[in-house]
There are 6 protein chains.
Amino acid sequence: MDAITAFREERERLNEIVLKYGQKDIKRFFNLDSSVYKDGALPAKTKELLGLVGSLVLRCDDCILYHTIRCCEEGVTDEEFEETMTIGLIVGGSITIPHLRRAFKHWEELKVKQQEE
Amino acid sequence: MDAITAFREERERLNEIVLKYGQKDIKRFFNLDSSVYKDGALPAKTKELLGLVGSLVLRCDDCILYHTIRCCEEGVTDEEFEETMTIGLIVGGSITIPHLRRAFKHWEELKVKQQEE
Amino acid sequence: MDAITAFREERERLNEIVLKYGQKDIKRFFNLDSSVYKDGALPAKTKELLGLVGSLVLRCDDCILYHTIRCCEEGVTDEEFEETMTIGLIVGGSITIPHLRRAFKHWEELKVKQQEE
Amino acid sequence: MDAITAFREERERLNEIVLKYGQKDIKRFFNLDSSVYKDGALPAKTKELLGLVGSLVLRCDDCILYHTIRCCEEGVTDEEFEETMTIGLIVGGSITIPHLRRAFKHWEELKVKQQEE
Amino acid sequence: MDAITAFREERERLNEIVLKYGQKDIKRFFNLDSSVYKDGALPAKTKELLGLVGSLVLRCDDCILYHTIRCCEEGVTDEEFEETMTIGLIVGGSITIPHLRRAFKHWEELKVKQQEE
Amino acid sequence: MDAITAFREERERLNEIVLKYGQKDIKRFFNLDSSVYKDGALPAKTKELLGLVGSLVLRCDDCILYHTIRCCEEGVTDEEFEETMTIGLIVGGSITIPHLRRAFKHWEELKVKQQEE
């Protein structure tokens, strides 16, 4: 099983534990967290880029990977992905570099996976 | 003098002090910080939204105000501004609310200023 | 007008601007942000202490002041307030000290106000 | 060896290396870091909840796990744990979700371990 | 009264309020916070530069100003100050720029004050 | 292969992926990120200590390890390393402790490696 699939399955498994213990406010927040990335005045694609840059400057690997996968699904190009990462790098500084490295590695893996399909 | 104009003038004045002391690496960084928001695969407007969300989740009032002004100049609509702020709020949590309040206040002031011109 | 009253009025005024522009997801988040501090398995008083320590370690003056006011309303004692601030200081380090100073100043002002009433 | 036991042993082993190199100021800080969670005006249980919410909003997995274990030892209930996590989630936003997921997973493991004893 | 003197006096005044409410753990932390910047294997001057860069990347204006004053007292040169700020800028990114601007402004004020004495 | 060597090789491998996708602004930033640590008014050794404390308070394990290796190469002594870590601990608080533990573990490994050569 590749790293991307492993990430998705672990995420699914842990979300079930959260929802087992979580009461209505956690559930409401999880709903909000889906709702804000849907098409609106801004298209879903742009919103995923916004989620990506927010995740990069806050330096959360899981969040970066999640939005990287979603960007790929929304048809973000290499150039658009690179420009978004660069803005995150300039805003957040060299402390983001280890996360940026892993993000590009995952982007490459997603590209390879896409070509195999 | 209104708050927006005061902000711009103070920013200009302090940048001069930075550049008086700053050597080539600071200058190179300041150039990079302009370069990444220029039109590319993504239009400048989208890049300003990316800068805005990064500034909101990192909770920097000056950076938020700067990108709010730039968003207004790039023709961002009320709806686009609101959706970007909402993503920042969900990513960054209630700790961003004081900054979000001030951002909407400045957005309102920019709108009033625009109508007067 | 004292600083506490000025803070409350500005907060009220800016919330109106947020709600003027804000769509349903922002409103839902604002509702959630009230809901989680209500009496539950943990009493509202303990929840305000949790909000206070979260605000201190994330270093947001407005959030700290808001929870300081709420702690006072919930009957938190000087000793309970001090122990909560100390945990925030140890978790968050000396970078929290300027916020801790202002929090104790506001706590003192709230105590004086309470005695005058 | 389960994940909780492995965490405790690694923590013990590394603390020994810190104390081998660490001079008196590090040792004083480590003492302070124990002292602030002891029973006082607030009971140790409440203080562990404060440590937990601070660790969640600052997004440190090791610190969250440590306070999760201590909360379990102090008899925190599922409902109290859930309400504390929810406050951390609302304060810190969706960027805390990966940590919140792992915290609930560890909480579940601690519950299973407790029932086996 | 100039800004530097006003800062020192307010800091003194608020520290008294902290110590009025603060119990022994806060006092111990305040002692530690002085102790770590004293001459040791590294001279006090280098330690103030370390405190300065830590304050810049964590973006705390009061802490930056405090260490800027101390750097000036320890005889840090313009070039040493500038190189330290540049490292902080590269590590922490453009989000540190508003703080960097104010730091250079204060550095300039300290230089002027020094020449007047 | 030991952990230090594995870290270096992975870093090298991922940097190649970054540079495959990265355009000129990312490359310029990577150059800046090397440039600021070179000998200047402050020696490279002091600059590595500045990078180390910045990385510790921002809590990035990869960045801490990188600067720990560089500190070792620059001849930083145990005492200098310990004093720098202690300043980072006091500035950044107990939330830095898991990173501080791993940093001392790596420091120990580097010392062992050095003696074997």
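For this structure, a couple of remarks:
- Within segment F:28-51, the set of residues being charged (D, E, K, R) and over 16 Å from A:T96 (Cβ atoms) comprises F:K38, F:D39, F:K45, F:K47, F:E48.
- Residues in segment C:26-58 that are of a type in the set (S, T, Y) and free of Cβ contacts under 8 Å to residues at least 24 places away in the same chain were compared, and the one that is surrounded by the fewest Cβ atoms within 10 Å (Cβ to Cβ) is C:S34.
- Considering segment B:35-44, and only residues there that are facing chain A (nearest Cβ under 10 Å) and of a type in the set (G, A, S), the residue that is farthest from B:T84 (Cα to Cα) turns out to be B:S35.
- Yes/no for A:D78 being under 19 Å from B:K47 (Cβ atoms) and either more than 11 Å from the chain's Cα centre (by Cα) or outside the structural domain of A:V112 (by the TED database) (or both): yes
- The helices (runs of 4 or more DSSP H) falling completely within segment D:45-117 that include 1 or more residues that are more than 9 Å from every other protein chain (Cβ to nearest Cβ) map to D:61-73, D:97-116.
- Just one of (1) crowded, with 19+ Cβ neighbours inside 10 Å; (2) within 9 Å of the chain's Cα centre (by Cα); (3) not aromatic (F, W, Y) fails for B:R70. It is (1).
- Check on F:R8, surrounded by fewer than 24 Cβ atoms within 10 Å (Cβ to Cβ), within 14 Å of chain C (Cβ to nearest Cβ) and under 12 Å from the mean Cα position of the chain (by Cα): no
The values are calculated or read from the model by the stated rules, or taken from the named source; none is laboratory data. Just so it is clear, the model here is predicted, and its values are computed rather than measured. A quick note on method: Cβ atoms are made from the backbone with ideal geometry, for glycine too, and the neighbour counts reach across all protein chains shown.
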